[in-house]
Structure formats: structure tokens, C-alpha cells
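The values are calculated or read from the model by the stated rules, or taken from the named source; none is laboratory data. Values in this document were obtained by computation on a predicted structure and should not be read as measured data. FYI the Cβ positions are ideal-geometry reconstructions off the backbone, even for glycines, and counts take in every protein chain you see.
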Amino acid sequence: MQNTPITHIHIELGAKMADFAGYNMPIQYTSITEEHHCVRNGVGIFDVSHMGEFIVKGKQALDLVQKVTSNDASKLEIGEAQYSCLPNLSGGIVDDLLVYRLAEDMCSEGEQAFMLVVNASNIDKDWNWITSNNTFEAKMSNISDRTGLLAIQGPKAVATLQKLTDIDLSAIKYYTFTKGKIAGFDNVIISATGYTGSGGFELYCANEQTEALWHAIMKAGEEFEIKPCGLGARDTLRLEMGFCLYGNDIDDHTSPLEAGLGWITKLKKPAIFNGQDWMNAQKTAGLNKKLVGFTMAERRVPRHGYLIFDENENEIGVVTSGTQSPSLDLPIGMGYVPVSKSD
């Protein structure tokens, strides 16, 4: 297994560790429920340095990004990010990702630059896919192995991080970012994004800055009882919000339209993207299945792969994600069912 720059900290803190996407990652430190409520009500910190980061720049960088992603990256201003996906040629999803429009001071005249943030389990797959589509004057670099990423999430995230920077964090709106100094470190990307639905920031930094940045944030958050949080709470938080997890709720055989991601699938954008014709045909013909969220009347927790039945005990679908919701105190899940059964 690979380590993040601060794997040793998680082990020292007594976290329950496990293999996730080939990385030795913390699943929980105390309990998933405690960490979940910490983020919903206060502030928690996640090490998500296992995520992948690619830089795409050049005179035709936008052309490449437009071809491989479903959203319309031409709408991005410098300092903005968008959620998107990488469709394959048959309308499935290679991966979901974030697309950042970077400042042009790192480019030559007439060039643009983007950062693509992809799932850890798909770094090699995504790199190969995007590279195979790079028939443009676009230069690519994979900075995953030298980039640390910390997610500080929760309603007290602003107050925690504001102690460490002169940047007005309240001015960084949802899905925008800035680059500057925090905790004494320059060139940190401070992004108002996350995977919890509780607000907060994600900080992209150099590997060698990650440990000191972690400790500085933990110190700044003591007033708000900040806690380190693992992937277990990250999963319950995202599932309560209905956020998709690649490999469970979306994959190479599910289309963005079926997954409820039509809002990031711009079928009329000014550039042709992979799978666009296929998805136009699917939209015209109508969907056969749809990803839905549900709650359980009984206390049994739905798990990935469980069958879904209708009121007449007919099998109609399969669970893709499920958990016990700490906020609702009842079992919740998502799964694909026929459109006729989706209401």
C-alpha cells in the first residue's frame, strides 16, 4: 500500500487503518458517528491526499478539457471550479472529477491552464484515458505524487482557518478558490469545495507542507473541538447528501443522465465531447433506469449489492450505497430502479 505524506500521524493517533484505492488510509479514529456529527455541527479535518491531480495547459488546453468532460469548462473564469465527469464513448462514466481554471501566470501568452482532480482509484485509468484523447496542443503533467490535500469541513471551518491566513475566507464562494499563504506556506490552493455538504475548504499543498499544515489546523481548531475524521464519516456525510461514489453509484456502465447528473452534462455545449451522441440518443429515447435515494422503515441497513423490491415483492433494482444515517438515525441508501418505479 502507498502512504500519504501524513499516514504516520493517523497511525500515531490510533486510527483504524485499511487499504483504500491502494493507499493506507484512516477509516475512523473514535467512531464514525462521532466524527460525522463533529463535521455537521463543528469542524473536522480529513486527509484526502490520495486523490489525483493533473495539470492541463497550453493553447488548446480548453479544447482537450472540453472533449473529455461533460460539463462546459468554457464557462469557467479564473478562480472557479466545477464538478464534471469523464464520459466514455458509450455514455458510461470513466470517472467523476473537479475541474479548476487556474491563473494564466503559469502559462505562456495565449495559453490557459486547468487542474483536474480525480479519484484515487482511477488515477492511472484517467491519465491514460485523457492522454489518449490529447490530439491537441495541450501539455499534461501528473502532480498527484507530490501534492497533499486536506479537507477542513463543517460550519466552523471558516473560523478555524481564518486564524491562519490574511485572506478573507468568507469571500471565497462555493466552488471558487484562491491561491495564497496559509499557516506560513505560500502557493496553497484554498478551495471552497468538499464532499460532506457541511461547507468548508479543501487545501492543496506540496507534500512537504502537509504535516505542518495539519498540525497548524488542529491547533487553530482546538477552540471548536476539531477532530480528525476518517473515510467512514466521509462516506456517511456524502451519502446523506446524495453525492455519488465512483465504483458504487456510478461507473463505466452508468450514464450521467441515469445517475441524476444531467446538470453537469451539457449536451448543447459548443464543443463535442466523448459520448455526447450516445447520451443525446438516450435522452431522446428516454431513460430505462434511474438512481434514487431511499430510507428504510425497518432498522436493517441496506448494503451495496442488496436487491430492491417493490410493494408487491417484485425485484426491481439493486442497492449501490447504503448506511445508517447519523443525522436522521435511520438507514438510508441509493440504488438504480426502473424509471416507472422511481417516484
task: Have a look at M334, M279 and point out the one that is modelled with pLDDT of 95 or more, of a type in the set (A, V, I, L, M), buried (at least 19 other Cβ atoms within 10 Å of the Cβ) and closer than 30 Å to L64 by Cα.
output: M279
message: For region 103-125: of the residues being under 23 Å from K75 (Cα atoms) and part of a helix (DSSP H, G or I), which is modelled with the lowest pLDDT?
response: M106
statement: Counting only residues in region 121-161 that are within 18 Å of the chain's Cα centre (by Cα) and among the polar types (S, T, N, Q), the one nearest to E34 (Cα to Cα) is identified as Q153
- prompt: Picking from T320, T284, T265, T295, which residue would you name as being closer than 24 Å to L62 by Cβ and among the hydroxyl-bearing types (S, T, Y)?
  reply: T265
task: Would you point out the residue of region 252-275, among those that are surrounded by fewer than 16 Cβ atoms within 10 Å (Cβ to Cβ) and within 18 Å of the chain's Cα centre (by Cα), that is nearest to D96 (Cα to Cα)?
output: D252
Complete set of residues in region 166-181 that are touching a Gly at 6+ places or on another chain (Cβ under 7 Å) and part of a loop (DSSP other than H, G, I, E, B): I167
query: Name the residues in region 84-120 that are within 12 Å of the chain's Cα centre (by Cα) and hydroxyl-bearing (S, T, Y), would you?
result: S84
- request: Mind telling me which of the residues V39, V43, V56, V68 ends up being in contact with a strand residue (DSSP E or B) (Cβ under 6 Å, 6 or more places away or on another chain) and either at pLDDT below 95 or closer than 27 Å to D329 by Cβ (or both)?
  value: V39
message: Whether any residue in region 126-137 is within 16 Å of Q66 (Cβ to Cβ), of a type outside the set (F, W, Y) and surrounded by 23 or more Cβ atoms within 10 Å (Cβ to Cβ) is what I want to check.
response: yes
task: Hey, can you tell me all the residues within region 296-312 that are hydrophobic (A, V, I, L, M, F, W, C) and either surrounded by 11 or more Cβ atoms within 10 Å (Cβ to Cβ) or assigned to a strand (DSSP E or B) (or both)?
output: M296, V301, L307, I308, F309
- prompt: What pairs can you find where one residue is in region 40-53 and without any contact (Cβ under 8 Å) to a residue 12 or more places away in the chain, the other is of a type in the set (A, V, I, L, M), and their Cβ atoms are less than 9 Å apart, with a gap of 6+ or different chains?
  reply: none
